[in-house]
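Colleague: Got a structure for you, written out below as C-alpha cells; questions coming shortly.
The values are calculated or read from the model by the stated rules, or taken from the named source; none is laboratory data. Everything quoted here is computed from the prediction, not taken from an experiment. Methodologically, a virtual Cβ is constructed for each residue, glycine included, from the backbone with ideal geometry; neighbour enumeration extends over all protein chains shown.
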Amino acid sequence: MSTKSTYRHTVDSFKNALGLGNQTIETSLYERLIFYIALGLSLFVTLFPFYYMTVASLSPESSLYSLPPTLIPDELTLTHYRTVFGPETFPFLTYFKNSFIVATVTAGASVLVATFGAYSFARLDYKGRGIFSRGVLMVYMFSGILLVVPMFQVIVWLGFVDSLWSLFITYLVQTLPVSLYMLGNYFRSIPEEIEEAAIMDGYSRLEVIFKITLPLSAPAIVAVFFFTFMIAWNEYLFASIFLESQGVYTLPIGIEALASGFHQVWGEIMAASLLTSIPLIVMFMYLEKYMVEGLTFGAVEG
Amino acid sequence: MAGNTTSDVATDALSSDANAEIRLEGVTKRFGELVAVDELELTIRDGEFLVLLGPSGCGKSTTLRMIAGLETPSGGRISIGGEDVTETLPQRRELSMVFQSYALYPHKSVRGNLAFPLAKMDVENVDERIHRTAELLEIDDLLDQKPGQLSGGQRQRVALGRTIVREPRAFLMDEPLSNLDAKLRVQTRSELRRLQQQLGTTTVYVTHDQEEAMSLADRIAVMNNGELQQVGTPKEVYEQPANEFVAGFLGEPPMNFFAPECVVADEPALANAATLGIRPEDVRVAGSAGEPRSGGPAVEERRADGGDPRTIELEGEAVVVEPLGNAYEIEFDCGGDSVTARFRQRPEGIDPGTTATLRFPAAALHRFDEHGEVIDR
C-alpha cells in the first residue's frame, strides 16, 4: 500500500467514524482498532483531570488523603459543596458574581470594538491599514508576564488598582487582537458583492453592516464572545496582581486563596473548581448551535 | 447621439417617469499605474438594452461599476437622465444591479430579499409589488424559501426579481447568466430579453459572451484594453467591424486574417491594405458542389450598393476537417496564414492534405490598415 492510499484510508476512516463520510468505505477491523485506541487515548488524557476533579469534590475528606488514591469512590458526600456555598469560609457567590461581571462586560466590549475594527480592516481602504492590522496581532505575541509591570503602572495611573475596572481594561487589551483577527477573517469570507447589492438597494454603509454583515457573521461573533468570556473567566495572572481585597476577587484567585490556607481543603477546592467550569460548559453547549458554519450558504453561486 | 438637447433632458428628469439616458463623458478609471477605462465616451439611450462586450480585463465591469457608483471615476463625468451623478453615492442613484454571483441575502427568505430594497423606498403596496414581481418571474411558490434551498436558475430569478421589484431608473447586469448551465442560459437569455422589452427599462449588461451580446442587445459596445472599440447594433458590429479587434472578437469561428500578398490574382485595390479579413461563412471552394452563391445577405447588399463585384481567390491546403453536425469547418493553410471556412455541406474531394482554390466576393472582404483600423471602401 502506497503512502498516499494509506493517508486516504486514514482520512476516510476518521470521516466515517465521526459520521462525516458521505459514502461508506470498507475499513478493516485492524484499522478500526487503531482508530479507537487513538480516540480512547485522547479522550482519557482530556477527560481524566475532569473526572478526578469531580470525584475529589464528592469524596469525603478521609478517602482524599488515602494512599494509593481512590479513583472510584466508595461513598459520596456533598459536604464540600455545602462548605463552598456556606458564607463563613468561602464567599463563592461573590467571586462568581465578580467573575461573571468582568467576563460578560469584557466579552461584550470586545465584540463591539472588534466588530468595527475588524470591519475596517477587512473592507475599508485607508493608509496604514496593513500596518495596523498586523501590528495589532503583534501585540498578542507578547507573553502576559512581560506586560505585567507596565500594565500595573498604567492601572496605578488610572487609579483602578483593586477594582474590577483594572481587569476589564487588561482583558480587553489582551483579547482584542485575536477578536479582531477572527472577525476580520470572517468578514473577508463574506462575499463583498452581498454588501454591494445592499448598497445598490439603497442602504448606507452603516445600515449594511447592521442589516447584512453582522447577521451573517453571527457564528464568528458568538465564537469571539465565547473566546473572550473564557479568557476573562479563567484569567489568573493579572487578577492576582491587580486585586487586593476579597470583595473584588474573581474565581481563579478566590480558589487560589482558598488553597493557600493551612488546613487541608482539596475537596472544597475541587468543588469550587468544578462549579467554576460548569458555566463555561453550559454556555458552550448553548452557544454552539450559533457557531455552525454555512450561514452564508446559498448567497452566491459556486 | 446629440439629438437630445439639454433642456429636453432636464424636463424629463423632473417628470415622474424620468428619462434614464446614461451618459459617460471622458470617463477614466486608474488603479495605480493601470488604466482600466480610458476616456470612455458612451451614451446609453433611454429604454435601450446596451451590452458592454469584451474580453476579460477590458474594463467593461469597471465601467458598469462606475455607472453603479461602486467605483469612483478617476476622471470624466457620468450623468443619468441629465443629472450629474459622478459624485452621487450608489444608494442614491436609483439603479439596481444583478451580480454575477447573484449576491442574494442568505439569511433572508426570497420574500425578504425582494422586500429589502422596497423597505428603503416610500412605497405602500409592498406585498402587491412583491407578488407581481414573483409572478412575472414565476417564483411565487418560492417566496418563503431561503436562497440556500434554491437551484442556480431559481437564485438567478430571485436576483432578477430583487432588481425589478423596485422599478429603478436602469438595470445594471454584470454577467448574470454566466453561472447557469448552457441550456438554462439560452432559455433565461430569451426570457430576459422579453422581460426588458416588456418593462422598457434602460439596461446595461456586461458580458464576454458574444452570442449572448448578439441575442440580447439593441446596441453593443465593444471594449478592449479599457478603450471603446465600436458601438452599434449587433448587425453593424458584426458586418461592419470598425477595426481588426472587433472583427476578430465577434463571430465563431472568428474572422480569418491574412496578408494581401496571399491573394492569387494581382489586385491593385487591395494593395493599400495591411491586413485582409474574411468571415468563414463567406469562403467557398472553387468547383465544389457546395457552392451555390458566395456571401451572405450582407455581402449581397454591398454588391447591390455598387460594391466590388470581383471575386478573390486564394490557394490553400486543407489542414483540419471538423464536422460540427449542422456544418463543416475546414481549416486551410494559405501560405502561412490559417483560413477557416464554414460549409453547410462538406465540399467534395477536400481532405487534409488536398490543395484547393478558395474564393469569395471582394465585397465580403474587410480591409484594415497598419493600425488595424478598417479602410472604407
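Colleague: For region A:276-288, indicate whether the set of residues that are outside any helix (DSSP H, G or I), under 30 Å from B:Pro106 (Cα atoms) and modelled with pLDDT under 80 is non-empty.
Modeller: For region A:276-288, residues outside any helix (DSSP H, G or I), under 30 Å from B:Pro106 (Cα atoms) and modelled with pLDDT under 80: absent.
Colleague: How many of the residues making up region B:241-265 are in contact with a strand residue (DSSP E or B) (Cβ under 8 Å, 6 or more places away or on another chain) and assigned to a helix (DSSP H, G or I)?
Modeller: The total comes to 8.
Colleague: Checking B:Lys146 against (1) under 24 Å from B:Glu48 (Cβ atoms); (2) within 9 Å of chain A (Cβ to nearest Cβ), only one condition comes out false. Which one?
Modeller: (1)
Colleague: Is there a residue being within 14 Å of chain B (Cβ to nearest Cβ), over 15 Å from A:Val111 (Cβ atoms) and not polar (S, T, N, Q) anywhere in region A:180-190?
Modeller: Checked region A:180-190: at least one residue is within 14 Å of chain B (Cβ to nearest Cβ), over 15 Å from A:Val111 (Cβ atoms) and not polar (S, T, N, Q).
Colleague: Another question, then. Among the residues of region B:103-120, how many are within 14 Å of chain A (Cβ to nearest Cβ) and farther than 20 Å from B:Leu70 by Cβ?
Modeller: 10
Colleague: It is to be established whether one or more residues within region B:176-184 are surrounded by 22 or more Cβ atoms within 10 Å (Cβ to Cβ) and facing chain A (nearest Cβ under 9 Å).
Modeller: no
Colleague: For a quick check of your reading: which helices (runs of 4 or more DSSP H) sit entirely within region B:148-232 and have at least 3 residues that are of a type in the set (Gly, Ala, Ser)?
Modeller: It comes to B:152-164.
Colleague: Of everything in region B:78-130 that's polar (S, T, N, Q) and not in a helix (DSSP H, G or I), which residue is surrounded by the most Cβ atoms within 10 Å (Cβ to Cβ)?
Modeller: Among those that are polar (S, T, N, Q) and not in a helix (DSSP H, G or I), it is B:Ser96.
Colleague: Hey, does region B:153-171 have a residue that's β-branched (Val, Ile, Thr) and either away from chain A (no Cβ under 13 Å) or on the phi > 0 side of the Ramachandran plot (or both)?
Modeller: The answer is no; no qualifying residue exists.
Colleague: Here's another thing I want to ask about it. Which of the residues spanning region B:139-187 are in contact with a Leu (Cβ under 6 Å, 6 or more places away or on another chain) and hydroxyl-bearing (Ser, Thr, Tyr)?
Modeller: Within region B:139-187, no residue meets the criteria.
Colleague: Hey, could you check region B:144-165 for residues that are more than 18 Å from B:Gln100 (Cβ to Cβ) and surrounded by fewer than 22 Cβ atoms within 10 Å (Cβ to Cβ) and say which is farthest from the chain's Cα centre (by Cα)?
Modeller: Ranking the candidates gives B:Asp144 first.
Colleague: Hey, another quick one. Residues of region B:313-367 being in contact with a Pro (Cβ under 7 Å, 6 or more places away or on another chain) and either part of a loop (DSSP other than H, G, I, E, B) or among the small types (Gly, Ala, Ser) (or both), which ones?
Modeller: Selection gives B:Ala318, B:Ala341.
Colleague: Quick one: count up the residues across region B:48-77 that are charged (D, E, K, R) and either within 14 Å of another protein chain (Cβ to nearest Cβ) or in a loop (DSSP other than H, G, I, E, B) (or both).
Modeller: Residues flagged as charged (D, E, K, R) and either within 14 Å of another protein chain (Cβ to nearest Cβ) or in a loop (DSSP other than H, G, I, E, B) (or both) within region B:48-77 amount to 3.
Colleague: Right, here's the next one. Among the residues of region A:185-197, how many are within 32 Å of the chain's Cα centre (by Cα) and part of a helix (DSSP H, G or I)?
Modeller: The qualifying residues number 8.
Colleague: From the residues in region B:83-102 that are more than 14 Å from chain A (Cβ to nearest Cβ) and out of contact with any strand residue (DSSP E or B) (no Cβ under 8 Å at 6 or more places or on another chain), which one is farthest from B:Val27 (Cα to Cα)?
Modeller: So, considering only residues that are more than 14 Å from chain A (Cβ to nearest Cβ) and out of contact with any strand residue (DSSP E or B) (no Cβ under 8 Å at 6 or more places or on another chain), the one farthest from B:Val27 (Cα to Cα) is B:Glu83.
Colleague: Inside region A:44-88, can you point out the residues that are within 30 Å of the chain's Cα centre (by Cα), surrounded by 15 or more Cβ atoms within 10 Å (Cβ to Cβ) and either charged (D, E, K, R) or not in a helix (DSSP H, G or I) (or both)?
Modeller: Scanning region A:44-88 gives a single hit, A:Ser59.
Colleague: Take the residues in region A:25-36 that are of a type outside the set (Asp, Glu) and surrounded by 10 or more Cβ atoms within 10 Å (Cβ to Cβ); name whichever of them is nearest to A:Arg82 (Cα to Cα).
Modeller: A:Tyr36
Colleague: Continuing with the same structure: Which residues, counting only those in region A:194-247, are β-branched (Val, Ile, Thr) and over 22 Å from A:Leu112 (Cβ atoms)?
Modeller: Hits for region A:194-247 are A:Ile194, A:Ile199, A:Ile241.
Colleague: Now for a separate question. Can you find even one residue in region B:287-297 that is at pLDDT 65 or above and assigned to a loop (DSSP other than H, G, I, E, B)?
Modeller: Yes, the conditions are met somewhere in region B:287-297.
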